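Report on the structure given below.
Derivation of every value follows stated rules applied to the coordinates shown; laboratory data play no part. It should be emphasised that the depicted structure is a prediction, and the values quoted were computed from it without experimental measurement. Glycine also receives a Cβ, built like all others from the backbone with ideal geometry; neighbour counts cover every protein chain displayed.
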Amino acid sequence: DTEVTQTPKHLVMGMTNKKSLKCEQHMGHRAMYWYKQKAKKPPELMFVYSYEKLSINESVPSRFSPECPNSSLLNLHLHALQPEDSALYLCASSQLARGYEQFFGPGTRLTVL
Amino acid sequence: SQQGEEDPQALSIQEGENATMNCSYKTSINNLQWYRQNSGRGLVHLILIRSNEREKHSGRLRVTLDTSKKSSSLLITASRAADTASYFCATDARRGGSEKLVFGKGTKLTVNP
């Protein structure tokens, strides 16, 4: 199985809502990533988990809270988001956190009203 | 600032023609990767080329790397309409024990049937 899955595909939420994005891989990869991508822009790294521990946080606002419950799962908890947080959120995984290709999920299209 | 910068920003060709995209970067790298993204979808890894490699092939794809000029090129031969997508180069930046991929702005390729 060489697939990274993400749920939901689309999410619309109000600024007071709490929601979560979910990412799953079963390739035995030990590094997982969250990216944010605005329209017509490249992906921007948000978080890196290596061996289920947070290793990089790119100064992301605390309204985004990542969680890695186990080596196959990665969550992104969302709370009190702003309309400018509307974007495509991409999850990726790689064998290790250095020197390997990254496998991306299809993304969650988030709209904050 | 962006590590990688693609050139051109947009490219439109006819089916059967070759497409060449260039990427320049600013600092030393361990490897450079190319990814493809169809509109609004996740990224697909194409090729990873390490700093001690000069050229790599994969099917209709040919990637070159010139570390002295800090540049790379992606050549797609005999293009097809299905190659229509955005193409990003990504360079590695070490952060502690993990690697951060920094994506260039991308080249939007349109292959006309």
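When +1 charges are put on Lys and Arg Cβ atoms and -1 charges on Asp and Glu Cβ atoms, the dipole computed for segment B:45-113 relative to its Cα centre reaches about 120 debye. Projecting the Cα atoms of A:16, A:76, A:87 onto the dipole axis of segment A:1-106, where Lys and Arg carry +1 and Asp and Glu carry -1 at the beta carbon, places A:16 farthest toward the positive end.
Cysteine residues of the protein assembly as shown whose Cβ has no partner cysteine Cβ closer than 4.7 Å: A:68.
List residues of segment B:5-33, by number, whose backbone nitrogen lies under 19 Å from a label position 7 Å along Cα→C-beta of residue A:40. Of the residues in segment B:5-33, B:5-13 have backbone N under 19 Å from the label point off residue A:40.
With only Lys, Arg, Asp and Glu charged, each at its Cβ (+1 for the first two, -1 for the last two), find how big the charge dipole of chain A is about the Cα centre; round to the nearest 20 debye. It would help to have the intermediate numbers written out before the result.
On the way: 13 positive and 10 negative charges, 60 e Å.
Here chain A has a charge dipole of around 300 debye.
Taking 7 Å steps out from each Cα toward its Cβ at residue A:77 and residue B:60 produces label points 4.7 nm apart.
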